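Participant: First the structure, which I've put down as structure tokens, then a few questions once you've had a look.
The values are calculated or read from the model by the stated rules, or taken from the named source; none is laboratory data. No experiment lies behind these values; they were computed from the predicted model shown. Positions of Cβ are generated from backbone atoms using ideal geometry, with glycine treated the same way; all protein chains shown enter the neighbour counts.
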Amino acid sequence: MAATALLQTTTTGRVGGPSSTTPSQNAPPTAEQKDKDNMAAAQPQTAEEGKQFVARYSDQQHPLPPSEIQQDPRNKDLGRTSRGLSVRDFELVRTLGTGTFARVWLVRLANPAEEDQEKVYALKVLRKVEVIKLKQVDHVNHERSVLADVAGHPFITTLITSFSDHDSLYMLLDYCPGGEVFSYLRKAKRFDEHTARFYAAEIVLILEFLHESEGVAYRDLKPENLLLDAEGHIKLVDFGFAKRLGNRETYTLCGTPEYLAPEVIQSMGHTTAVDWWALGILIYEFLTGYPPFWNSNPIEIYKQIVSKPVLFPTEPAISPEAKDIIRQFCTVDRSHRLGNISGRAERVKSHPFFRGVYWDDVYYRKYRGPIIPPVRYPGDAQCFDQYPDEKAEREPYDDAMKKQWDDHFKDF
Amino acid sequence: MSGNTFPGRRGTNSNPFSGSTLSGESEQTSLGPISKVMEEEENDTVTSPATASFNFAGKGSSTFGSPFGGDASGQGPPSSFKQSSTDGFPAHYGMGRRTSVSAESLNPTASSNDNWTPPFHRKTPDQITRLKKSIFNNFLFSHLDDEQSSQILGALVEKPIPAKGIKVITQGDQGDFFYVVEKGIFEIYVNPAGSLQPGPDGLGKKVATIEPGGSFGELALMYNAPRAATVMSAEPGCLLWALDRITFRRILMDSTFQRRRLYESFLEEVPLLSTLTKYERSKIADALETQKYPAGTTIIQEGDVGEAFYLLESGEAEVYKKGTPNPVKHYTKGDYFGELALLNDAPRAASVVSKTEVKVATLGKDGFQRLLGPVESIMRRTKYEPGVEVIDPLHKK
Ligand SMILES: Nc1ncnc2c1ncn2[C@@H]1O[C@H](COP(=O)(O)OP(=O)(O)OP(=O)(O)O)[C@@H](O)[C@H]1O
Ligand SMILES: [Mg+2]
């Protein structure tokens, strides 16, 4: 809480622009308020309106203090359903990445107006059949709604709009041209502490915002889900497991094996504290090049996670501050875990690992990224790996499935 | 239980049944793990700023670079990114992109309308003893409480495997069940292709055998992943116990969920904690530790310095004061005591002794402060007037 307040006061003076032109309120809007706001603005209904809305969306958003993200009228338009839009309104340029559920495409508007030719986006495509088979129906709905609510945060990918057709779900996102932090990490083998600290700091602000302003647990932190924008700042993608928790714990096991917190593995009910555990694993992997618990057999990973302490290699040497913050995050007992104990994110920010970091400057992107992605033009995708084409034949989404499931996808 | 396999990663050479769940001599038959050369440094201190290696600049110049260093080092796409030294890198670490895993979402019974109760299959005391030995040092079961354990033991269902050569699980197939061997011998085969192949050598290599008391398929209790091996009966007349993921997860989830809600409702009743927000109450509920005491245990001793507070979860307890032979108060489920310990270090004003076996949920002052900060500032939110007595005779649940 204190953190948010601090950001607000100091930044109004510093950045001026966005905060002085928007009404500043301390409390995040209630769900009810949000609903009303959503009703108020007209949704794009036709393909043309939809395309114009998409074209108008500009990446040049100013970072707003967390408490104002939902107040900014531009952000309120973002993340909503576009009834008229369809995949035919886009030209699919190439695949940017694939995951378990989805394929993400670099896209352009189809037949763009002169001034829109340079504009590119990322389109995440999920097949309804796959979503149903993998029992991810709840999860994709959470993904869409959480992304819509957090649109406008400087380090989170922006959901511009979503739509669907007979067999697929689409989420149009701002394109993060720098590629995955994962790619840079694997190529570099490991990051030095400056680099690790830079990314960790931006992630701390993401988690503070998600947990303390939005009540959301992210649940899939890993280098593969951290992208870089053109300036080398973090954009968190893949909210496939993000969930609004309120003050309750949740039970569905999800995440990525190496990054799962012990309480997730042991089905003890978990909370936002899992993200701090994962941040510990992430900093470790940044500094050493591999996660602290690994094995080709997931069961062996899980056994280690629940019972073994994090050990550090002799080479490379890791500073005592870094070791300490990793150990404090990777504490099995949640009631001792940094980030989850009193002070929450504020306590994390004052850990010696982050000594000398000016958090407002982090939030307002004043620090220069340690890696500036070699992006030559807006639609440049050289920072992304190549992926094989999608299999031509795919399981049909038949009428019986439609009847049973389409109602579950009505929010898209 | 049908459904589709969640496309997880599969270790090419991994034996999913390695280690402690295998019976027999070979405790460490696991083929997967590659031991890392690691040095444990438990004695690091972070108290010495002199060792801090970062050179942060003053406020004025913070805009550029430090404390993150300032040099943009990427001059090409990630694929041309410069490599640092390779030493100290584990040789066998798989460097590929990692995909996520997920179980089906389940909602606790108590929060929905369905009335689910775990299945119950009767077993002999001998069978129970053997099963306990087989599963309760497995990391997926070792932390369960008594109630959860007995529900799990009840839910395990008999699965006879009458003939030799029956494939109980097939490599590459979806996995929904975990098995414990009651009788007979089973063989594990791994095909390097990642799944059972047609033809005479389709099973792949035999990597281990499992004897009575052994178990396999535990990953299926977490999420639906492709089976990493084929398991086949090696003789006729085998017998297995089976447990499916949904049953396992529901048992754990429902009891945890109910206990959490119970704790939260208990905490709501404690006047001393009435100013806590919902968030804070759930934090405390999360940290409460369950403890069991047999009848006749002195839980709190009059005159001792109080360090923890207690919620009585089940059973009965009585309050005694020195010089009075009869109990001065009687506690039942939902009552709490010792909460003034959170506030001050005054000695306990009375003793609390369990009358029956009791289950209490307890949290120390240190835990409370760690989670919520100084107690004093929380108390200051309201004017809670602590009585002189630890045992406030007016407090009623
Ligand atoms: N906005 C974006 N801009 C550029 N690339 C993106 C964007 N969003 C996603 N990608 C790329 O696509 C990949 C897969 O996307 P995402 O992680 O959302 O899919 P997923 O199927 O949910 O993955 P997972 O298996 O991790 O759950 C990402 O790792 C990233 O490389
Ligand atoms: Mg992903």
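Participant: Under 8 Å between Cβ atoms, which residue pairs at least 6 apart in sequence (or on different chains) link something in the stretch A:195-224 that is polar (S, T, N, Q) with a partner that is within 16 Å of ligand 1 (Cβ to nearest atom)?
Facilitator: Matching pairs, first to second residue: A:THR195/A:ILE371.
Results for (1) closer than 15 Å to A:TRP105 by Cβ; (2) of a type in the set (A, V, I, L, M); (3) not in a helix (DSSP H, G or I), shown as yes or no for each residue.
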| site | (1), (2), (3) |
| --- | --- |
| A:LYS124 | yes, no, yes |
| A:LYS135 | no, no, yes |
| A:VAL140 | no, yes, no |
| A:SER145 | no, no, no |
| A:HIS166 | no, no, yes |
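Participant: Restricting to the stretch B:359-375, give me the number of residues that are over 23 Å from the mean Cα position of the chain (by Cα) and more than 10 Å from every other protein chain (Cβ to nearest Cβ).
Facilitator: Selection size over the stretch B:359-375: 2.
Participant: Any idea which of (1) assigned to a loop (DSSP other than H, G, I, E, B); (2) modelled with pLDDT of 95 or more; (3) away from chain B (no Cβ under 14 Å) is the one A:LEU172 doesn't satisfy?
Facilitator: (1)
Participant: When you go through (1) in a strand (DSSP E or B); (2) touching a Pro at 6+ places or on another chain (Cβ under 6 Å); (3) of a type in the set (D, E, K, R) one by one for B:ASP254, which number turns out not to apply?
Facilitator: The failed condition is (1).
Participant: Something else: Going through B:GLU147, B:GLU158 one at a time, which residue ends up being in contact with an Asp or Glu (Cβ under 8 Å, 6 or more places away or on another chain), in contact (Cβ under 8 Å) with a residue 40 or more places away in the chain and surrounded by fewer than 17 Cβ atoms within 10 Å (Cβ to Cβ)? Outline the logic, then answer.
Facilitator: Working: B:GLU147 fails: in contact with an Asp or Glu (Cβ under 8 Å, 6 or more places away or on another chain).
The match here is B:GLU158.
Participant: Additional query: Which one of these is within 21 Å of B:PRO108 (Cβ to Cβ), at pLDDT 95 or above and either surrounded by 15 or more Cβ atoms within 10 Å (Cβ to Cβ) or touching a helix residue (DSSP H, G or I) at 6+ places or on another chain (Cβ under 8 Å) (or both): B:PHE266, B:PHE248, B:PHE257?
Facilitator: That would be B:PHE248, the only listed residue that is within 21 Å of B:PRO108 (Cβ to Cβ), at pLDDT 95 or above and either surrounded by 15 or more Cβ atoms within 10 Å (Cβ to Cβ) or touching a helix residue (DSSP H, G or I) at 6+ places or on another chain (Cβ under 8 Å) (or both).
Participant: Working carefully through the options A:LEU311, A:LEU221, find the one that is touching a Pro at 6+ places or on another chain (Cβ under 9 Å), modelled with pLDDT of 95 or more and either crowded, with 22+ Cβ neighbours inside 10 Å or within 12 Å of chain B (Cβ to nearest Cβ) (or both).
Facilitator: A:LEU311
Participant: Right, A:ARG186: within 12 Å of another protein chain (Cβ to nearest Cβ), within 16 Å of ligand 2 (Cβ to nearest atom) and not in a strand (DSSP E or B) or not?
Facilitator: yes
Residue-wise test of (1) away from ligand 2 (no atom under 16 Å from the Cβ); (2) at the interface with chain B (Cβ under 9 Å from one of its Cβ atoms); (3) buried (at least 22 other Cβ atoms within 10 Å of the Cβ).
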residue	(1), (2), (3)
A:GLY255	no, yes, yes
A:GLN266	yes, yes, yes
A:GLY269	yes, yes, no
A:ALA273	yes, yes, yes
A:PHE293	yes, no, yes
A:SER296	yes, yes, no
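Participant: Still on this model: I'm trying to understand the selection: among the residues of the stretch A:231-246, which are away from chain B (no Cβ under 12 Å) and either surrounded by fewer than 22 Cβ atoms within 10 Å (Cβ to Cβ) or more than 13 Å from ligand 1 (Cβ to nearest atom) (or both)?
Facilitator: Scanning the stretch A:231-246 gives a single hit, A:ARG244.
Participant: Same structure, new question: When you go through B:LEU288, B:LEU312 one by one, which is the residue that is under 27 Å from A:ALA273 (Cβ atoms) and buried (at least 18 other Cβ atoms within 10 Å of the Cβ)?
Facilitator: Checking each option against the conditions leaves just B:LEU288.
Participant: Turning to a different aspect of this structure: Out of the stretch A:321-336, which residues are of a type in the set (Ser, Thr, Tyr) and either in a helix (DSSP H, G or I) or over 13 Å from A:PRO262 (Cα atoms) (or both)?
Facilitator: Once the filter is applied, which keeps residues that are of a type in the set (Ser, Thr, Tyr) and either in a helix (DSSP H, G or I) or over 13 Å from A:PRO262 (Cα atoms) (or both), the stretch A:321-336 yields only A:SER335.
Participant: Here is a follow-up. Note down all Cβ pairs under 6 Å where the first residue falls in the stretch A:363-378 and is more than 7 Å from chain B (Cβ to nearest Cβ), the second is of a type in the set (A, V, I, L, M) and assigned to a loop (DSSP other than H, G, I, E, B), and they're at least six residues apart or on different chains.
Facilitator: Filtered contacts from the stretch A:363-378: A:VAL375/A:ALA230.
Participant: If the Cβ limit is 7 Å and pairs must be 6+ apart or interchain, which residue in the stretch B:124-136 that is closer than 14 Å to B:TYR179 by Cα pairs with which residue that is part of a loop (DSSP other than H, G, I, E, B) and among the aliphatic types (A, V, I, L, M)?
Facilitator: Going by the 7 Å Cβ cut-off, the qualifying pairs are B:LEU131/B:LEU156.
Participant: Could you check the stretch A:84-122 and list, in sequence order, the residues that are buried (at least 16 other Cβ atoms within 10 Å of the Cβ), over 21 Å from A:ASN225 (Cα atoms) and either basic (Lys, Arg) or within 16 Å of ligand 2 (Cβ to nearest atom) (or both)?
Facilitator: Within the stretch A:84-122, A:ARG108, A:LYS119 qualify.
Participant: Select the strands (runs of 3 or more DSSP E) contained entirely in the stretch B:320-380, then report the ones holding at least 2 residues which are buried (at least 19 other Cβ atoms within 10 Å of the Cβ).
Facilitator: The strands (runs of 3 or more DSSP E) meeting that bar are B:351-354, B:358-364.
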